[in-house]
Amino acid sequence: MAGTSFLLYQKRDSWLERWDPRMKIVAVLLFGAALLLTHSLGLKTAQLLLLIVLWGMAKLSWRVLAFTLLSLSIFFASTMIYQSVLTAVPGEDMITWGWISFSSQGAVRGIMMCEQIAGIVLLLALLVRTTSPIVLAEGLEMLLKPLKKWRLPVHEAVMMFSIALRFLPILIEEFDKIRKAQLARGGGFHRKGVSTRFRGVLPMLMPLFVMSIIRAKDLAVAMESRCYQGDEGRTPIRMYRLRANDYAVFSFSIVNLAAIFVW
């Protein structure tokens, strides 16, 4: 269940967990923008290595990190083939191996794209795994609070985001239980052939859909029984204050974003 644990918050009492959720969200947005806008291979590699260092500082499982990167191997391979072979521009340095021609510049673009994909995934994983869904929702709601002046349903949108984030690992576990039950009954998911496997997936989707509806109905009943009225008359359960390390993280994110215009 490494894929499920990847989506779960586990308290590790690390330095990253003590960041203010508002600053953490802002830092993720700024770092993600820097990853997407960087056109330097060295800078993008340094950004990816920094995320791996932060992963270690967060005391997260290295096995989960390896599983995540291996699960992206198909995207990495397809990206490298597309950039270095299929979209080679005439005039670029070509490396011929038999009947296949590779572009060295295309290979560099492919490596940068792979690092970009891995960086975005690790960045979001660090945010989710070092912040509880409730704290993350509170920070997001505080950042979007000015939008309430335009009567936008900020609280409702953040609440739906928080519920989806908490229910996603549960649905994955339920899908795994249904899959094992279907295999025990001789389901076709484990058999050879793409069509047979595809037909074996369909019987698992209907129970999962029904269980999702039941869980959503139970949650709605529980909220109504507690007289839930949105954010009317509600006060925050926690008070957040920015500290020196939060300002340091914000400053570093700004410097990292500005570095792309220098390189």
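List of remarks:
- Top-ranked residue in the stretch 11-35 [being in a helix (DSSP H, G or I) and of a type in the set (D, E, K, R); ranked as least open to solvent (accessible area, probe 1.4 Å)]: Lys24
- Within the stretch 44-61, the set of residues being at pLDDT below 90 and in a helix (DSSP H, G or I) is empty.
- Matching residues in the stretch 238-263 - criterion: being in contact (Cβ under 8 Å) with a residue 24 or more places away in the chain and in a loop (DSSP other than H, G, I, E, B): Arg238, Tyr240, Arg241, Leu242, Arg243, Ile260, Trp263
- Within the stretch 107-134, the set of residues being closer than 15 Å to Thr79 by Cα, free of Cβ contacts under 8 Å to residues at least 60 places away in the same chain and not basic (Lys, Arg) comprises Ala107, Gly110, Met113, Cys114, Ile117.
- Helices (runs of 4 or more DSSP H) lying entirely in the stretch 71-155 (those with 2 or more residues that are modelled with pLDDT under 80 and either under 24 Å from Ser14 (Cβ atoms) or of a type in the set (S, T, N, Q) (or both)): 104-129
- Criterion: surrounded by 18 or more Cβ atoms within 10 Å (Cβ to Cβ) and either in contact (Cβ under 8 Å) with a residue 60 or more places away in the chain or outside the structural domain of Met142 (by TED's automatic domain parsing) (or both) - qualifying residue of Thr38, Thr45: Thr38
- The stretch 136-152: number of residues that are closer than 18 Å to Leu242 by Cα and open to solvent by 30 Å² or more (accessible area, probe 1.4 Å): 7
The values are calculated or read from the model by the stated rules, or taken from the named source; none is laboratory data. Predicted model only: the values in this text are computed from it and were never measured. FYI the Cβ positions are ideal-geometry reconstructions off the backbone, even for glycines, and counts take in every protein chain you see. To get the accessible areas, we keep the full protein, side chains included, count just its heavy atoms, and leave off ligands, DNA and RNA. Shrake-Rupley method; radii C 1.70, N 1.55, O 1.52, S 1.80 Å.
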